[in-house]
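Some notes on the structure that comes next.
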Amino acid sequence: MELDNLNDKQKEAVFYNNGPLLIIAGAGAGKTKTLTTKIAYLIEEKNVHPLNILAITFTNKAAKEMKDRLFVLVGDLAKKLQVSTFHSFGLKLLRENYALLGYESNFVIMDSDDSLTVVKKIIKDAGYDSKIYNPRAIRNKISSCKNEMMTPSTYEKFAVSDYEKVVCEIFTKYEQKLKRNNSVDFDDLLLLPIELFRKNPEVLEKYQDLYRYVLIDEYQDTNEAQYILTKMISKKYQNITCVGDDSQSIYSFRGANYKNILNFEKDYPQAKTILLEQNYRSTSTILDAANQVIKNNTQRKDKNLWTARGIGEKIKYYRAQSEKDEARFTVEKINELHEKGVEYKDIAVLYRTNAQSRVLEEEMLKDNLPYRVIGSFYFYSRKEIKDLIAYLRLIHNPKDNVSLLRVINTPKRGIGLKTIENLTLKADTEEISLFEAITSGKEYEFKQLIERLIEVSAELTLTELIDKVLTATGLKDELESEKTLEAEVRLENLEEFKSITKTFEEREGLISLEDFLLEISLISDVEEYKDDPNRVSLMTIHSVKGLEFDHVFVVGLEEGIFPHMNSLMENAELEEERRLCYVAITRAKDDLYLLNARRRTLFGKEQINPVSRFFNEISKDLIENISKEETTNSYKEPLEDSSVLRNEDVDYNVGDYVYHETFGTGKVLEVTDTLVTVAFKYPHNVKKLMKNHKKLSKV
């Protein structure tokens, strides 16, 4: 097979197939190309059967890209490869072994909204105050526990406070409800396979013999459950290849543990490690900036990205007067780029928090500049789509109480809350599903409707079934009768859903309702726009991972914004913010703009923020300052210790500069309005802060 398009390190990674291999692949270093070529090499040169290869990545989009590349490399043999996300692989194991775990074949996967609905109901039925016991916070806690492999009984051992004991009670009831409804949530797609393997060693060995070669992409993003599942599958043959970059681990809030990649060589003492350091994406100026930022992290593997693309242009820096000035400047520069022939789709504006997008959108609308906000609100979250999916899920599994409660009175059928409460009480008392509890009244007419739809579903294609559901349930009639613009849009969305089923049918042929529901349940929240793709992309830095653009604007580089104020008290969290900055910088191929504002109104409050420490970590010879006027605190370095007054009784005035050993990391910070709006962004009086920390000094 052709390997001339690989560099020496990539070839070394492809050829090594006798034991554990860790590939540390820097941003833009061609890891997907290396991984897919390695799989093709195993098949074509080492005569490994495609069925014996398991390749795992983190998003459906990445899995599709990998499959597409493999089709080019090995043709139809790619169809026999198991290339999927962790959750898709977990679902496959669950579907093949559901009986061993006590489930029926028509189990339902609940999404995060459905899980939240179940938690809300448990809290209400137990008589707890939802203001104290926030349903979303408790749902997230349950998810976090599951990702850490904690069952309700395990969590009970750590539950000390009254609040934690209530969470444990809700967690226990939540698990019971899911099992009773023949349902699983997303976290179960990882936990249940581990439970399956622990209880059935012979099943584990069957899959170990099947998947003799295991390849894991984005290994730095694995959580505890994914880490354990990976080790279990690969333990027998040890032919495991993990690819990742500890400098791009930015998902700790989802349970990801970057230490998994740092500890790979401890887990596999005989492992070989290969560094892919040649970047094919960015200019050397951009890479030098990224390297200078990330080297300030202590928890990392040493590597130094380099490129043969040349020096390129300097990084442009703009210090705006306000967030409106920042947005205005961004729009002006985008217009200038477009006038020079740059397409909008090759431009991205990145920010730390979603709230920052509002002003940017306003300025873009004023200029009629086409844009799209990635990851803010996607197709499958729209009410009318969730209603339709709930009907489909109920047709597939009438025991799905969550879906039944969503649509039993949608459209309105005169079924009130009292009726639903009575049904719920009956179902709980008799330990049956809500559907089974229905025996009379208007709700019985609804039950008959669902039963008729179940009968005809076997005779119809998916698209025909959608049509039948829309008419028989009254969803379509209700929207048509409204005669409003909103109703028209919602009708269009329902029609768009039929185009999705048609695509599935064209791609897969006849596909069952079960397969379709399982497939769409795994679709990522970040959906591509189906209209004109030539738009400027606006997104958080968390959403941009894995993407690249010719021209990138990073806005809001201020202490308290980026790094985020919540990260400034803990070094581990601050290091994750720095990895986030590294990701943002390395998205740019040719052109990078770094922006911040002197004053910013965010969440209704005006803030005066010092320049981000991340900006100050970049050498100034890489930067071209294109601000309207020079700034003093952009580049100001802390004075020598001999010039620092360490007198706690000194008065602090607006505009004074302050040195803080812990939070300032040796940089000059600014005092404003008798409050310290410095790196840590806490509303303490300066003297109070000095009393608490005794590390603050006037410069």
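The values are calculated or read from the model by the stated rules, or taken from the named source; none is laboratory data. This one's a predicted model, so the numbers in the text were calculated from it and none came from an experiment. Cβ atoms come from the backbone with ideal geometry, glycine included; neighbour counts cover every protein chain shown. Just so you know, the surface numbers come from the protein's heavy atoms only, side chains and all, with ligands and any DNA or RNA stripped out. Shrake-Rupley method; radii C 1.70, N 1.55, O 1.52, S 1.80 Å.
Which residues, counting only those in segment 550-607, are of a type in the set (Ser, Thr, Tyr) and over 19 Å from the mean Cα position of the chain (by Cα)? Give the derivation first.
So in segment 550-607, the residues of a type in the set (Ser, Thr, Tyr) come out as 567, 582, 586, 593, 601.
Scanning segment 550-607 gives 593, 601.
Within segment 474-517, can you find the residues that are assigned to a helix (DSSP H, G or I), modelled with pLDDT under 80, open to solvent by less than 50 Å² (accessible area, probe 1.4 Å) and closer than 20 Å to residue 63 by Cβ?
500, 504
What number of residues within segment 136-180 are aliphatic (A, V, I, L, M), at pLDDT 90 or above and within 18 Å of residue 226 (Cβ to Cβ)?
Matching residues across segment 136-180 total 2.
Within the group 83, 118, which residue is open to solvent by less than 30 Å² (accessible area, probe 1.4 Å), part of a helix (DSSP H, G or I) and either in contact with a strand residue (DSSP E or B) (Cβ under 9 Å, 6 or more places away or on another chain) or not polar (S, T, N, Q) (or both)?
On the way: 83 fails: part of a helix (DSSP H, G or I).
One residue alone meets the criteria, 118.
Please work out which one of (1) in a helix (DSSP H, G or I); (2) surrounded by fewer than 23 Cβ atoms within 10 Å (Cβ to Cβ); (3) not aromatic (Phe, Trp, Tyr) is the condition residue 10 fails and give its number.
Looking at each condition in turn, residue 10 falls short on (2).
Determine whether residue 431 is surrounded by fewer than 15 Cβ atoms within 10 Å (Cβ to Cβ) and within 27 Å of residue 105 (Cβ to Cβ). Explain how you work it out, then say what you get.
Details: surrounded by fewer than 15 Cβ atoms within 10 Å (Cβ to Cβ): yes; within 27 Å of residue 105 (Cβ to Cβ): yes.
Against the criterion (surrounded by fewer than 15 Cβ atoms within 10 Å (Cβ to Cβ) and within 27 Å of residue 105 (Cβ to Cβ)), residue 431 qualifies.
Tell me which strands (runs of 3 or more DSSP E) are completely within segment 585-635 and hold 1 or more residues being at pLDDT below 75 and farther than 27 Å from residue 26 by Cβ, or say none if there are none. Step through it out loud before you land on a result.
Working: elements: 588-597, 599-602, 605-608, 623-625.
Where strands (runs of 3 or more DSSP E) fall fully within segment 585-635 and carry at least 1 residues being at pLDDT below 75 and farther than 27 Å from residue 26 by Cβ, they are 599-602, 605-608.
Give the residues of segment 536-567 that are open to solvent by less than 10 Å² (accessible area, probe 1.4 Å) and either in a loop (DSSP other than H, G, I, E, B) or basic (Lys, Arg) (or both), sorted by residue number.
Answer for segment 536-567, where residues must be open to solvent by less than 10 Å² (accessible area, probe 1.4 Å) and either in a loop (DSSP other than H, G, I, E, B) or basic (Lys, Arg) (or both): 555, 556, 557, 559, 561, 562, 563.
What helices (runs of 4 or more DSSP H) completely inside segment 149-211 contain at least 2 residues that are open to solvent by 40 Å² or more (accessible area, probe 1.4 Å) and in contact with a helix residue (DSSP H, G or I) (Cβ under 8 Å, 6 or more places away or on another chain)?
Values: elements: 152-158, 162-180, 188-199, 201-210.
Helices (runs of 4 or more DSSP H) meeting the threshold: 152-158, 162-180, 188-199.
Given the residues 61, 67, 38, which is the only one that is within 16 Å of residue 14 (Cα to Cα) and either of a type outside the set (Phe, Trp, Tyr) or outside any strand (DSSP E or B) (or both)? I'd like the intermediate steps shown before the answer.
Values: 61 fails: within 16 Å of residue 14 (Cα to Cα); 67 fails: within 16 Å of residue 14 (Cα to Cα).
Only one candidate qualifies: 38.
Identify the single condition in (1) open to solvent by 10 Å² or more (accessible area, probe 1.4 Å); (2) in contact (Cβ under 8 Å) with a residue 12 or more places away in the chain; (3) basic (Lys, Arg) that residue 146 does not satisfy, given that it satisfies every other one.
For residue 146, the exception is condition (1).
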